[in-house]
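S.K.: Before I ask anything, here is the structure I am working with.
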């Protein structure tokens, strides 16, 4: 997910520069340039979705609704069936169904079906970065539909399931329990 930090850095810079100002719209006294970001400007960049689903917008989609969107906007890079092409990685594939040998055996391709830990982060990534030619151009309904198509092709949800802000966080990904939370603390004991 390269680039996920850029909006957060921009928001942090806006907030920090705004701290030097008395009110919205004034120039920054120290340098005499810029102004604090408005609430609406910050909201426009606040598009992240976390693993629990916080940040998911209204909208809905099914695999049947997502299929034509996928064919028109995703297949050129990821293949007609999500098998992957030189321009984009495979999205569909459940092998291996047992175990998690990715660190020991490089023959397996990491896909949404065998490696992705949270379904909600599919929304986050697709919304910010896809399609590669025009990122951010898909509507919420189109994104939910494409996600439903990808999850159906990976045999994770039923083909009639509706994906939305309530149902997407409840999807249990096959690799969910294969990731260990980072419990390290900063400081002298950091390892």
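Read-outs throughout are calculated quantities, based only on the coordinates presented, and are distinct from any laboratory measurement. All of these numbers come straight from a predicted model, not from anything done at the bench. Every residue, glycine among them, receives a Cβ derived from its backbone with ideal geometry; neighbour counts consider all protein chains shown.
S.K.: Starting from the Cα of residue 102, step 7 Å toward the Cβ, then list every residue of region 168-184 with an amide N under 12 Å from that point.
M.R.: So the set is 174-180.
S.K.: While we're on this one: Report the extension gain between residue 188 and residue 166 in nm, rounded to one decimal, defined as 0.36 nm multiplied by the number of residues separating them, less their alpha carbon distance.
M.R.: 3.8 nm is the gain from fully extending residue 188 to residue 166.
S.K.: Compute the length gained on full extension between residue 30 and residue 109: take 0.36 nm times their separation in residues and subtract their Cα-Cα distance, giving the result in nm to one decimal.
M.R.: 23.2 nm
S.K.: Right, here's the next one. Could the peptides 64-71, 93-100 be put in order, highest first, of the mean number of other beta-carbon atoms found within 10 Å of their residues?
M.R.: So the order, starting with the most tightly packed, is 64-71, 93-100.
S.K.: Please state, rounded to one decimal and in Å, the Kirkwood hydrodynamic radius that region 60-178 gives when every pair of distinct Cα atoms enters the mean of 1/r.
M.R.: 14.2 Å
S.K.: Below 8 Å, C-alpha to C-alpha, sequence gap of six or more: please give me the relative contact order for region 60-178 in percent.
M.R.: So the answer I get is 38 percent.
S.K.: Okay, next question. Based on alpha-carbon centroids, what's the gap between region 65-94 and region 119-174 in Å, whole number please?
M.R.: Taking the Cα centre of each part, region 65-94 and region 119-174 sit 13 Å apart.
S.K.: At what distance in nm do the modelled label points of residue 158 and residue 54 sit from each other, each positioned 7 Å from its Cα along Cα→Cβ?
M.R.: Going from the residue 158 label point to the residue 54 one covers 3.2 nm.
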